[in-house]
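Novice: Quick one: structure below, then a few questions.
Throughout, read-outs are computed from the coordinates displayed, never taken from laboratory work. Note that the structure is predicted; figures quoted are calculated from it, not measured. Methodologically, a virtual Cβ is constructed for each residue, glycine included, from the backbone with ideal geometry; neighbour enumeration extends over all protein chains shown.
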Amino acid sequence: MKKVGVLHNELSQEIAKSGHLDTFVIGDAGLPIPEGVKCIDLALIEGQPSFMTTLKAVLSELHVESAIIDTEMEEVSPHKKKELFDIIGDEFPVKDVPHEQLQEMAKEAKVIIRTGEFTPYCNIVLVAGVLF
């Protein structure tokens, strides 16, 4: 049994087989899941697991070269945006796009990870980098 890192079997496998420019979406409980996109549904109850807990776990194993967040996060959930940047710092560039555009990007994702987060616009697209 794995003793550290992401313990969720399916999520761990998807991270392990990711390639450069693959996209992973971590979404709140309300993010629509596009038809045909793999969804790893972690949502258990309201708030569990949280967006930030899930983000930290994924970032511990996935090399990320850039990310995209909802523009609306700044207005609706500024405390979550601050927390997000406290976690990622300046590790990689982050741009923001309108929520509708992020939903369109989700249609091309390798996987969408659904959390139990009930805070609106807590979504991020992580673009996998390469280690060399």
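Novice: Using the alpha-carbon centroid of each, what span in Å lies between the stretch 61-132 and the stretch 1-33?
Specialist: 14 Å
Novice: Another question, if that's okay. Amide H to amide H, which residues 5 or more places from CYS122 or on other chains are under 5 Å from it, using H placed in the peptide plane?
Specialist: Under 5 Å from the amide H of CYS122 lie the amide H atoms of ASP28, each far enough along the sequence or on another chain.
Novice: Would you please give the residues with an amide H less than 5 Å from that of ASP96, counting only those at least 5 places away or on a separate chain, with H modeled from the backbone geometry?
Specialist: Correct list: ILE69.
Novice: Next question, about the same structure. Determine ³J(HN,Hα), in whole Hz, for all residues of the stretch 81-96 in sequence, where each value follows from phi through the Karplus function 6.51 cos²θ - 1.76 cosθ + 1.60 and θ = phi - 60°; x replaces Gly and Pro.
Specialist: 5, 4, 4, 4, 6, 5, 6, 8, x, 10, 4, 7, x, 10, 10, 10
Novice: If you don't mind, there's one more thing I want to ask. How high is the relative contact order of the chain, given as a whole-number percent (alpha carbon pairs under 8 Å, six or more residues apart)?
Specialist: Relative contact order here is 49 percent.
Novice: Another question, then. With θ set to phi - 60° and the Karplus curve 6.51 cos²θ - 1.76 cosθ + 1.60, what are the ³J(HN,Hα) couplings of the stretch 58-72 in order, to the nearest whole Hz, using x for Gly and Pro?
Specialist: Values, residue by residue: 5, 5, 5, 10, 9, 7, 10, 9, 6, 8, 10, 10, 6, 4, 5 Hz.
Novice: Using the Cβ atoms and a cut-off under 14 Å, what net charge is assigned to the surroundings of ALA128, where Lys and Arg are +1 and Asp and Glu are -1?
Specialist: The answer is -4.
Novice: What Kirkwood radius, in Å to one decimal, follows from the Cα pairs of the stretch 1-124?
Specialist: 14.6 Å
Novice: Which lysines have a Cα less than 21 Å from the Cα of LYS82, not counting those fewer than 8 places away in the same chain?
Specialist: LYS56, LYS95
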